[in-house]
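Please treat every number below as a calculation from the coordinates, not as lab data. None of the values given here were measured: they were computed from a predicted structure. Backbone-built Cβ (ideal geometry, glycine too); neighbour counts: all protein chains shown.
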Amino acid sequence: MYRVGIDVGGTNTDAVILKDKTVLAGVKASTTEDVTAGVIEALENVIAASGIDRTAIAAVMIGTTHFTNAVIERRHMDEVAAIRLGLPSGAGLPPMVDWPDDIREIVGNHGYQVKGGYEFDGRILSPLDEDEIVRIAGEIRAKGLKAAAVTCVFSGINDTMELRTRELLHRHCPGVPVVMSKDIGRHGLLARESAAIMNASLLSLADRTVAAFQKALVQAGLTCPFYITQNDGTLMAADVVRAFPVLTFASGPTNSMRGAAFLTGLKDAVVVDVGGTTTDVGSLSHGFPRQASTTVDIGGVKTNFRMPDVFSIGLGGGSLVVKGENGISIGPKSVGYRVRREALCFGGSTLTATDIAVAAGKADVGDRALVRTLDAALVGAAVARIDAMLEACVERSRISSTPVPVIAVGGGSILMPDRIGDLEVVRPENFAVANAVGAAIAQVSGETDRVFSLVDGRTREAALAEAEAEARDKAIAAGAISDTLEVIEREDTPLAYLPGNATRIHVKVVGEMGAYHG
Amino acid sequence: MAETRKLKYDEAALRTLTRDDLEALEIGAGILGTGGGGNPYQGKLLALEALKAGHEMKLLATDAIEPDALCMSIGGIGAPVVGVERIREGREGLRCLRAMEELIRMPVDAIVCEEIGGANSMSPLVTAALGGLPILDCDGMGRAFPEMQMTTFSIYGHSSTPSVMCDLHGNAVIFSHAVSEVWHERMARACVVAQGGGAMLATAPMQAHFVHQFAIPRSYTNAIALGEAVIRARRMQDDPIQAVCDLEGGRRIFNGKITDLKRHLRGGFAVGDLELAGFDGWAGETASVAIQNEFLLFRRNGVVEVTVPDLIVLLDVDTGYPITTEMLRYGQRVAVIAIPCHDLLRSPAALEVVGPAAFGYPDIAFSPLPKAA
């Protein structure tokens, strides 16, 4: 049986076909506005290139930046009700308080604060004001809002009030989807609430997008299940994305790093993904991208998703090479995906980083004769500059002084030298479609992150075991095979300044997806 | 306290703070937090909301107020991890102020900041703004420390009780007398657990002449200037770290990459050790930083070079933004800056409370960093 991985980027839609651990074929097509046409083209081309029988495809895994781009470009977002349960806590900081004005206007600025919530040890902060929820339901109907997001203080400890609020809203404004923050984010109210609101505002786009993927697969004659990759490089069933589009926000860089690990078999490495305009650099540890420890901005809104710790610089195959007073500068301006028209070596009139790589004999694309007249000193200085830029960001991403290999992926990775500082550069086959490979090999995860009260004889070990059991249950519910599950993150942080009875525990497990394994 | 109150200062001496000042203060307070003190972000949001609602934040030099004016110091108490989930109600500080005025049957004339480093820089501004009082340009630490008795006010003999502690529910607790500052800290810490892990605490008012003599002066203007320097350096693509050193009389003592980080818990505090491998002019050297909430000790090649109460500040080597202890991770590239603390923190009485011995290093003597000429 075969697996198909598709990466729907802003510019290109890439597709690969894998048989077990072998990549049979990889292709690139242009992303289209409706998504469908680009996906169909990529699918047809990759099926043709591999020569397989399409009925033998067991599953399709799709990675997409569609929802991230919607937020960044402020498009396709609905007006939603943002309901917070927790008064009197947070009275001074209403929902969306730290959002940029334009995006707050787009989602309608319908923030509500209601009595409710829990304390860190599970006590009730305030009883839930159910009458107020019923009143808000009336406003949702009157305003014709498309969805609601409900966030309760310490819902990670007790989700009863979020569930009860959803029940009331379903009863009093049927048909309006309700997002509960406990399903979306982690500890930290404002960031989790913002993520839940964004998620609610993207629900109809998610619905249309998943339908477009479905249509593309049907038109390509595929009847197998399909999955979408999420931030941590693991999968969710397509229908789940209809409910949780924000969980795909960082899947792009994650997929390319996971793909790089798979293509090389390396578990600990620095991954450099060179595109047309930018280069993303991150560290792999145990085969997974290292996670950022701080909050992450999405379109100017702070969220606390776990995102890969990726460092970007404005250097890519299409970067403009300019000779100035202070020597050669490269990027951040770029011709981007137009490099195949505008670069000198493709007959264009713009000097790009790709031309430098060709002139220096590092790459064999386009027509070398077209860059033969470039001044050798200029080429030498530009190569040195590119190497220095890459070395600086690799150095910044290294986890330890232990030498690790550097994996070069992405369409622009012809810019990479054979060594970066004291590190060896590895160039896997199919480097240009590593992100689609990352999608194809994605696993299923389950995660717990909440504060446990160590009272009534509950030990730290017991709480850790409880958290792990929860995470495993979630993974199995998401489609993982239980005996393939392994814990990849386990941390507990006792709450400083409080006597030792409360500790925040985070556990994450991953396993193989049932649909294609075994 | 509705009757017209006689002002104890010249209104012309007040400096009104702006949104930009608060943005700069967020960074400056982070730097003076020396790794601890909590994240000022949420406090800044509350302060910005108070400005938006039309309240004004007026800063006043400590020597610009009459000596007998009553100044009330205030700060947050509790677990930062709780505070990011169960956000403050916003008027806890104002309720502390009103309860204190009722308790002592006298109006308070000005608000004082307990701790300029970290999150506690912001809440006194909100209290002062909501209460219509000026905030004095000073604080009780000049940086961040983990416990209440570590203020210059306590060190130099001010008894912090009676104090008032208010939570977001509306509860107010009065500690009428503590036999020592450590007892006060201990009782308040127990009470804050009952109150849900976070509260505001206002201590017994001081007369302005005491504050003038024993507070760390100009801490707000310093912190704001620090933040402005970082923002300006980033905009002009200058070196933000040099800008911080120039302002604070500090010096860059190391550029290094984090090669190891051990964390554990001791007596309710997050403690740890950080190992650094040098680069740039420090290639081949190693350094380590001992942590208990804040950065406590800096060692180069195993030899102690800087200790509390002098400030050990870690900044992101590229952006100049402060790095708090919870943000530390393997591989990060940091600049270490040493800033001499104020003389008020260097007396024998102060070193007993905030010197290395107070943090569990009885064998390490404080050797003060030289001050810039």
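Look at the alpha carbon pairs under 8 Å that are at least 6 residues apart: their mean separation over the length of chain A gives a relative contact order of 14 percent. With 28 Å as the limit on Cα-Cα distance, the pairs of A:Lys115/A:Lys146; A:Lys19/A:Lys215; A:Lys28/A:Lys146; A:Lys115/A:Lys182 that go past it are A:Lys28/A:Lys146.
Between the stretch B:133-194 and the stretch A:185-216, what's the alpha-carbon centroid distance in Å? Each part reduced to its Cα centre gives a spacing of 44 Å. Taking packing as the residue-averaged number of other Cβ atoms within 10 angstrom, the listed peptides A:201-207, A:53-59 run from highest to lowest as A:201-207, A:53-59.
Charge dipole (Cα centre; +1 on Lys/Arg Cβ, -1 on Asp/Glu Cβ; no other charges) of the protein assembly as shown amounts to roughly 1040 debye.
Below 8 Å between Cα atoms, with a sequence gap of 6+, how large is the relative contact order for the stretch A:427-498 in percent? It comes to 34 percent, rounded to a whole number. Test of understanding: in a Gaussian network model of chain B with alpha carbons linked when under 10 Å, which of B:Ala349, B:Ala208, B:Ala335 would top the mean-square fluctuation ranking? It is B:Ala349. Between the stretch A:78-99 and the stretch A:104-131, how far is it from one alpha carbon centroid to the other, in angstrom? Taking the Cα centre of the stretch A:104-131 as reference, the centre of the stretch A:78-99 is 7 Å away. Dividing the summed helix terms, -39500 (n - 2.57) for each DSSP H run of n ≥ 4, by the number of residues in chain B produces a 222 nm estimate of -9000 deg cm²/dmol to the nearest 500. Tell me the angle of helix A:203-219 to the major Cα principal axis of chain A, expressed in degrees between 0 and 90 and rounded to the nearest ten. Once rounded, the angle reads 50 degrees.
The spacing between the stretch A:141-164 and the stretch A:375-447, judged by their C-alpha centroids, is 43 Å. Of B:Thr161, B:Thr324, B:Thr307, the residue with the greatest mean-square motion in the GNM of chain B, using alpha carbon springs below 10 Å, is B:Thr161. Neighbour counts of C-beta atoms inside 10 Å place B:Ser160, B:Ser367, A:Ser312 in the sequence B:Ser367, A:Ser312, B:Ser160, starting with the fewest. Once the C-beta distance of B:Asp246 and B:Ser180 is scaled by a Förster radius of 41 Å, the resulting FRET efficiency is 0.50 to the nearest 0.05. Counting other Cβ atoms within 10 Å as a rough exposure proxy, the listed residues A:Arg398, B:Arg251, A:Arg171, A:Arg84 run A:Arg171, B:Arg251, A:Arg398, A:Arg84 from fewest neighbours to most. Between helix A:376-397 and chain A there is an angle of about 30 degrees, using the helix long axis and the longest principal axis of the Cα atoms. Normalised by the number of residues in the stretch A:258-316, the average gap of Cα pairs under 8 Å and 6 or more apart makes the relative contact order 34 percent.
Over the stretch B:57-185, the alpha carbon radius of gyration divided by the compact-protein estimate 2.2 N^0.38 Å works out to 1.00. Placing R0 at 25 angstrom, the Cβ-Cβ distance between A:Arg135 and B:His55 gives a FRET efficiency of 0.25 after rounding to 0.05. For the stretch B:191-319, the Kirkwood estimate of hydrodynamic radius, built from reciprocal distances between every pair of different alpha carbons, is 17.7 Å. Taking the fewest neighbouring Cβ atoms within 10 Å as the starting point, the ordered list for A:Leu423, B:Leu136, A:Leu351, A:Leu43 is A:Leu423, A:Leu351, A:Leu43, B:Leu136. Helix A:36-50 and the longest principal axis of the C-alpha atoms of chain A enclose an angle of approximately 50°. Per the Cauchy relation, a quarter of the hull surface: what is the mean projected area of the convex hull of the alpha carbons in the protein assembly as shown, in nm²? If you wrap the Cα atoms of the protein assembly as shown in a convex hull and average its projections, you get 38.8 nm².
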